[in-house]
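Here's the structure, in structure tokens; my notes come after.
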Amino acid sequence: MENHTLSNELEQLREQMQVLREKLDKQHIINDRMVKRSVRSKMSWIKIYVYIEFLVLPFLALIWLVMKEMFALSWFCYAFLVVMTTIDVIWDYRINITSLNLDKVEDNSLMDTLHKLTTMKKMRTKSFFIMMPLLFLWLVWVGVEMWQHLSTVGESDSMVEATAYGGFAGLIIGIPLGLFVAIRIYCKMQRTNDELIAQIQDFSDNE
């Protein structure tokens, strides 16, 4: 009788353990999905930003063409900026869209997502520190060409001279503002990656 009672208790304990294991498995799956949805949600603004870059690029090329004609810049200077910006936008797409397909995040493991987020952050840093010197080079290039153009015009055309000085003033104001915006966006992207990396690592440590 005692053996039968003990056997029943052991069987009940096994059933309870099985129920607990199933609950833990379900909870793990739910938490896993929540983390992946968080990745999709927090990375979505970066995806939108990159697509906006593609939409804005043709308009920027047109605006820069007007500036080229207005300030008598060379075609090489204009082409350098257009090519550099196009490469930068394509590189942004590869880093932020292709490297981590948000539509398939929930199909990948969290460790795979963690690896991709870490790689994305490193690639973004590399891109940023390559493009900034190139941008500075272009700005110096523009400044030299505008100054040369201004020196050839002299006082023969006061309108052109005033326009050139206005261009210099625009560069002085626009460069710090543009750099500030670029650095803010870069830091925000990196901070988004850091938050998601920390969230995945915390989830993995608690499991």
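No lab work stands behind these numbers, since they all come straight from the coordinates. Bear in mind the structure is a predicted one, so any value in this text is a computation, not a measurement. Here the Cβ positions follow ideal geometry from the backbone for every residue, glycine too, while neighbour counts run over all protein chains shown.
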Practice problem: Quote to one decimal, in nm, the extra length available between Val144 and Gln190 on full extension: 0.36 nm per residue of separation minus the C-alpha distance between them. | Solution: 13.1 nm
Quiz item: Given a Förster distance of 22 angstrom, what is the FRET efficiency for Thr98 paired with Leu60, based on the Cβ-Cβ distance and rounded to 0.05?
Solution: 0.45
Practice problem: Provide the packing ranking of 189-200, 131-142, i.e. peptides ordered by the mean count of other C-beta atoms within 10 Å per residue, highest first. | Solution: 189-200, 131-142
Quiz item: What shape does region 93-152 take by its C-alpha gyration tensor, where a ≥ b ≥ c are the square roots of the eigenvalues and a/c under 1.5 counts as rounded, a/b above b/c as prolate, and the rest as oblate?
Solution: prolate
Quiz item: Once label points are set 7 Å from the Cα along Cα→Cβ at both Arg40 and Ala198, what is their separation, rounded to one decimal in nm?
Solution: 2.5 nm
Self-check item: Using a Förster distance of 35 Å, the FRET efficiency for Asp112-Met84 (Cβ separation, nearest 0.05)
Solution: 0.60
